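Input: a single structure, listed below in structure tokens.
Read the figures in this text as sums done on the coordinates, not as results from a lab. This one's a predicted model, so the numbers in the text were calculated from it and none came from an experiment. A quick note on method: Cβ atoms are made from the backbone with ideal geometry, for glycine too, and the neighbour counts reach across all protein chains shown.
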Amino acid sequence: MTAFPWLTILTILPVAGAIFLLAVGGRNKNFARWLALAFSFLALALTLILWHNFNSAFGGMQFQERYTWIATLGVEYHVGIDGLGLLMLLLSSIVVPIGMVASWQIQERVPLYFSLVLLLQACLFGTFTALNFFHWFIFWELGLVPAFFLIKLWGGPRRTSAATQFLVYTMVGSIALLLAFLAIFLATGKFDFIDLAQLAQNGQLMPAVIAKLSWHRFTPEHVALIIFAGAFLGFAVKVPLVPFHTWLPAAYAEAPTGTTILLTGAMSKMGLYGFLRILLPIFGAEMQVVLTPLLWLAVATIVLSAYAALAQKDLKRIFAYSSINHLGYCLLGIFAVVKFTGGDAALTAEKYAAMNGVLLQMFNHGLTAATLFWFVAMLEKRSGGLRGLNDFGGLRKVAPVFTGLMGIALFSSLGLPGLNGFVGEFLIFKGSFPLVTWATALSVLGLLVTAIFILGILQRVFSGPLNEKWTTLPDLTTGERLALAPAIALMFALGLWPQLVLGVIDNTVIQMVQQLKF
Amino acid sequence: MTWIVQNLWLVPALPILAAGVSALAKQRNRMFAASLAIGSMAISFLLSLWAFAHVLWLGSQGEVARQVVNFRWFQFGTEWLKLGWMLDPLTAVMLLMVTFVGLLIFIYSVGYMKHDENFTRFFCFLALFAGAMLGVVIANSLLLLFMCWEIVGLTSYLLIGFWYANPKAAAAAKKAFIVTRIGDLAFFLGMVWLYAQAGTLLFYDGGAGCLEHSALLRLVAQTTAIGMAASTGIALLIFCGAAGKSGQVPLHVWLPDAMEGPTPVSALIHAATMVAAGVFLIARIYPLMSAHSGMDIALTPTVALQVVAWVGAITAVFGAMIAVAHYDIKRILAYSTISQLGYMMMGLGVGGVAVGMFHLITHAFFKSLLFLGAGSVIHGCSGEQDIRRMGGLRKLMPITFATYAVGMLALCGFPLFFSGFWSKDAILHAAHTWSVSQAPFYMGAFGALLTAFYMTRQVYYVFGGKSRLAATSHGLHHASTPPHESAAVMTIPLVILAAFAMLLGLIGMPAWPWLQSFLDDKRATLNFAAFSNVGLLAVMVSSSLLVFLGLGLGWWFYGRKPIADADAPDELGQLQPRIFAVLGHSFYVDELYGATILRLNAWWSRVCDWLDRWVWNGAVQTVSHLVLGFAWLDNFFDAHVVNAGFDEGCQSVSRGGQVLSLLQGGRVQSYLRTIGLALITLVVFLLWGARG
């Protein structure tokens, strides 16, 4: 509610950085790297200011800016953040510097690389702050462009097909999403998320859509479901949900590791953010209709991807599948919340727990997955690009600090209490179990298999006799240790004191859950 | 509330802090790390003593001996999740045991690990373990207990895999973590279920805790889909966690492999404390385990407790049978531990908290004594662990032998002078009076016979006869030094533990059941008349006879004539080679799991990978190929039908034009020629017509 346009400035800042970098970056690689990093830190500082000024007692939209843009179409420039948006902004501004540092050794077209990263960051900020479909969708789609080129130009041997698959796949989902929203716009004349959520809550949205769109051959229920399916597909591909996930392992594995960090740490949250900001408030009722298959998809996402991770030999592919698995828990929590809409106080408490868990898990997964891929990047730097599960062995002997710190990140991913991963998973399971008992009970299998492949990494890469090839593998340098320290410290901090995040998002969660009346 | 209750959190926090500091300190500061760990443990021990005295004092004042401190951890929705710690007799006894045994083993480790290059890491992990274990003990919240429980599992993993360069150690560490995690995930589900039903995970919270009357009433009233009370379902799920940690059948497979860790670790974690955590957990949630509808405990035991008793009884016999046929000194003790943990569970199931806990406490002392003794033997024999290659150590390591003998007799339950006798007898007596079945009693008695037998076998192999070490040295590290007694830093803890292994029985004798009444919050009275109880006396006499029988059989097979040759076959093995082989392979349980569960798991992971590569991705690829194919078809139609047709039309027009254009060459001569030709043709035609 401040007059100062914080959010617009936050979004413009990386764009300015990207342009500046392209203009003056020139040939000095280090200058370009440091300049980009400086901009990302500036964005982090801005986000921290927002975090500091955010009124957590009031869970609704804050720092709003709203201007009429195209009056005839009802398009407004409307930005604002609640606890969810704020958390995602913070996560993006933490993940982007990590991605930059992990890309430090990139040698080709350095200014271009880093300006694309900054552009990607701007799109992330835009997506997480926009409240009007029009410019939200622009950011959502525009984000694909830098990501595509980052994979295509700097990726691994099969980068072209991976990048194309990534782009086309996501684009198909986006088109479905766009069509769904055009249908809604035709019926209601509105693009604003808050207004649409309001309509949906009052039960006016779908009747209006059905009344205006005379698709005679379909029953009203089917029209609503078709529109929901379109929007759903857009987000399900992005998260991703099995079976819409096949672009992910290829894209994560082929992208340069610094880019993978951005994809998994921040971009994968765009899909979940869409679920929370758009699907839940606007399509909650339709979601409830098809809840059972959705729950099974979530369980399949959790279990199948964990098992698929177990079969991989490439560290990046393992972590890629592990990412799908971790986000599967978020989907389980989201779907569990729409199971009952009654006002039973005990069930409402479970929904609060699940929803808080989902938000916490999104943040934790971003932090942990980014850090894990960062370790992979450091390992690749030392091994000349090798990152197979069986390429190493006994590294703890020569790189004890590396092993120790990566071990902490691995155990955070495994959900060890005391580290950040645990609290989110506990809250999701605690909330989901009474709501959707069997799906939750089956999902526990994912936790077990995660432990198996995480310990498999520790066993094969770091334990056993030292592989002759790596007797001179250097341990972490002081610089690397210092760079890693904040990430590791944050893992401990959130594991021991989750109130740090939960205290800020809790009122938003209460509002989100209370809005679910349909 | 007094200072010690308010600050009880210091007991686990100090070792954890010590672990944190030594993790960040330089690897070279060996003595710093060791003294930090030992110092923090000593302070924790003193605090535990204080806490214990406080509970005693409260009891003597006739006040409620349970004191809790709860605090807010985080907020979700409109409520706060609270954690807390408590001080009650159960906590006080466990605190004292863990800190005391832990302290002795820390000191012992200074000697045992002296030459290890990762000495400081070792103490860091040990201290972290101790802190987490103490956290389990003081937790007043199932969630806090679970968190500490998992960290205990982590440290167990780190310490089993301490010699990480050895692939067997790395594999054993992974196996331990995963097998216990299978149980832990059931525990986790039980915990979230309990949370949903009771609305809290605090054990005691001024009447609102999940182990208190109102919550239990609700839990027994709820029935699940399969007609089971919610309390039973939750209790059984939590018991899975306890079974995993405490090595109960069928989740026992990790414990023998865990012996790959350094011996002090085996003593502290895999004998005295961590594996007992499962037993402690059941003791802690005993009100839930025994919750009856109508709350009358006197009738038949609950389903949950019956399961505990049966699993315990099976484990007790199972472990003891396998221990008969092994040759690795530590593996024998590991299977013995499994068996004894079975006794504890059985004690909880048939007799109650005090019965199980009494054996837990006495076992902690004599089993850590045995493990440290084994460590001293291994140390003295330069790393040899095969009992066939030992022998004759009685004279070479007298202190180790004497203390080991005490531990062995305590484990066997040698009558009257050894603690194991009293605690095992309490279990057998309770099993004898169990209303459900007599089978656990007979299983327990058979286990007692086997225990006496395998321990006698082991002692004769290790300490009797002549040394077979030099004769059979085959490796690089053997025979360099003859077997020798260990240093004082290792033997003094042995002597102290031996003293406790004998004396501790005094606190739980039927005549003066101090521990039992302490745990039940009553005052003990000296009453020798208790011995005159007919059933009790009969059980005592018969179990003593079984112990003598076991010792005698052991002597008959292994002591009568000294074992001369390391390669000589086992006497019992010669008698029953088939059974002996089955036992020697631990009933082939590992092989069974390898052939079924592990294979299924690997197969399923390959299936998922295959699904991903071919089905999901295949569907996408098919769609994309369809799109590409359609595009190609479209292109083909464009190029060859539409375009070609158009081109053909254009070309025929232009060809026609070309042909016609020949007529319009613009050359007068050709025009004249054509005119001439045409004129001639015309003339000929006309003439032809005129003729006719």
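Counting pairs of alpha carbon atoms under 8 Å apart in space and at least six apart in sequence, what relative contact order in percent does chain A give?
With pairs under 8 Å counted, the relative contact order is 17 percent.
I'm checking a number: the convex hull volume of the Cα atoms of chain A, normalised per residue, in Å³. What is it?
135 Å³
If you stretched the chain out fully between residue B:564 and residue B:581, how much longer would it get, using 0.36 nm times the residue separation minus the C-alpha to C-alpha distance?
Gain on extension, residue B:564 to residue B:581, equals 3.9 nm.
Quote the charge dipole size of the protein assembly as shown about the Cα centre in Debye, to the nearest 20; the model charges only the Cβ of Lys and Arg (+1) and of Asp and Glu (-1).
Computed about the Cα centre, the dipole is about 2160 debye.
Answer with one residue from A:476, A:514, A:423: the one whose Cα lies farthest towards the positive end of the charge dipole of the range A:308-518, charges on Cβ with Lys, Arg +1 and Asp, Glu -1.
In the range A:308-518, that residue is A:476.
Could you state the angle between the C-alpha long axis of helix A:144-154 and the longest principal axis of the C-alpha atoms of chain A, as a value from 0 to 90 degrees rounded to the nearest 10?
20 degrees
So for A:423, A:504, fewest C-beta neighbours within 10 Å to most, what's the order?
By the 10 Å Cβ count, ascending, the order reads A:504, A:423.
Just want to confirm a number: the relative contact order over the range A:308-518, from Cα pairs under 8 angstrom separated by 6+ residues, in percent.
32 percent.
Report the one residue of A:370, A:322, A:464 whose Cα lies farthest in the direction of the positive end of the charge dipole of the range A:308-518 (charges on C-beta: Lys and Arg +1, Asp and Glu -1; origin at the Cα centre).
Among A:370, A:322, A:464, the one farthest towards the positive end of the dipole of the range A:308-518 is A:464.
Let me check I have the definition right: for the protein assembly as shown, take the eigenvalues of the Cα gyration tensor, multiply each by 5, take square roots. What are those semi-axes in whole Å, largest first?
69, 36, 29
What does the convex hull of the alpha-carbon atoms of the range B:54-112 project to on average, in nm²?
Directional mean of the projected Cα hull area for the range B:54-112 stands at 6.6 nm².
Rounded to two decimal places and with Rh computed the Kirkwood way over Cα pairs, what is Rg over Rh for the range A:1-142?
Reported Rg/Rh (Cα atoms, Kirkwood Rh): 1.01.
Would you work out the Kirkwood radius for the range A:308-518? I mean one over the mean of 1/r across all pairs of different Cα atoms, in Å.
18.2 Å
Taking H placed 1.01 Å from N in the peptide plane, check which residues at least 5 places from residue B:73 or on another chain put their amide H under 5 Å from its amide H.
For residue B:73, the qualifying residues are B:81, B:82, B:83.
Using helices alone, I'd like the mean residue ellipticity at 222 nm for chain B: each DSSP H run of four-plus residues gives -39500 (n - 2.57), total over residue count, nearest 500.
-22000 deg cm²/dmol
How would you order A:120-126, A:137-143 from highest to lowest mean count of nearby Cβ atoms within 10 Å?
My ranking of the peptides, most packed first, is A:120-126, A:137-143.
Compute the normalised compactness of the range A:76-179: alpha-carbon radius of gyration over 2.2 N^0.38 Å, N being the residue count.
1.15
At a Cα cut-off below 18 Å, give the aspartates and glutamates reachable from residue A:152, other chains included and same-chain residues fewer than 8 away excluded.
Partners found: A:108, A:141, A:254.
Taking every pair of Cα atoms in chain B, average 1/r, invert it to obtain the Kirkwood radius, and report Rg/Rh to two decimals.
Radius of gyration over Kirkwood radius for chain B works out to 1.38.
Relative to the compact-globule scaling 2.2 N^0.38 Å, provide the ratio for the alpha-carbon radius of gyration of the range B:122-210.
Dividing the Cα radius of gyration by 2.2 N^0.38 Å gives 1.28.
So, in nm, how far is label residue B:624 from label residue B:328 when the simple model puts each one 7 Å beyond its Cα toward the Cβ?
5.0 nm
If one puts a single equal scatterer on every Cα of the range B:333-432 and applies the Debye formula without solvent, what log₁₀ I(q)/I(0) results at q = 0.12, 0.16, 0.19, 0.21 Å⁻¹?
-0.43, -0.69, -0.87, -0.98
What does the net charge come to around residue B:563 if you take all other residues with beta carbon closer than 14 Å to its beta carbon, with K and R at +1 and D and E at -1?
+3
State, as an integer percentage, the relative contact order of the range B:223-316 based on alpha-carbon contacts under 8 Å between residues 6 or more apart.
Here the relative contact order equals 33 percent.
On a 0 to 90° scale, report how tilted helix A:291-310 is relative to the longest principal axis of chain A, with both axes built from alpha carbons and the result rounded to the nearest 10.
Helix A:291-310 and the main axis of chain A meet at about 10 degrees.
Across the residues of B:605-618, average count of Cβ atoms on other protein chains within 10 Å?
6
Would you calculate the separation in nanometres between label points at residue A:390 and residue B:27, each defined as 7 Å from the Cα along the Cα-to-beta-carbon direction?
In this crude spin-label approximation the distance works out to 2.9 nm.
Please work out the ratio of the alpha-carbon Rg of the range A:341-421 to 2.2 N^0.38 Å and round it to two decimals.
This ratio for the range A:341-421 stands at 1.56.
Can you show me the helix-derived [θ] at 222 nm for chain A, built from DSSP H runs with n ≥ 4 at -39,500 (n - 2.57) apiece and divided by the number of residues, rounded to the nearest 500.
-24000 deg cm²/dmol
Considering only C-alpha atoms, what is the centroid distance from the range B:351-426 to the range A:432-481, in Å?
The two parts, judged by their Cα centres, are 37 Å apart.
Near residue A:32, within a Cβ-to-Cβ distance under 14 Å, what is the net charge of the other residues, with Lys and Arg +1 and Asp and Glu -1?
It works out to a net charge of +3.
Can you give the angle from 0 to 90° between the axis of helix B:488-503 and the longest principal axis of chain B, with both taken from C-alpha atoms, to the nearest 10?
For helix B:488-503, the angle is close to 70 degrees.
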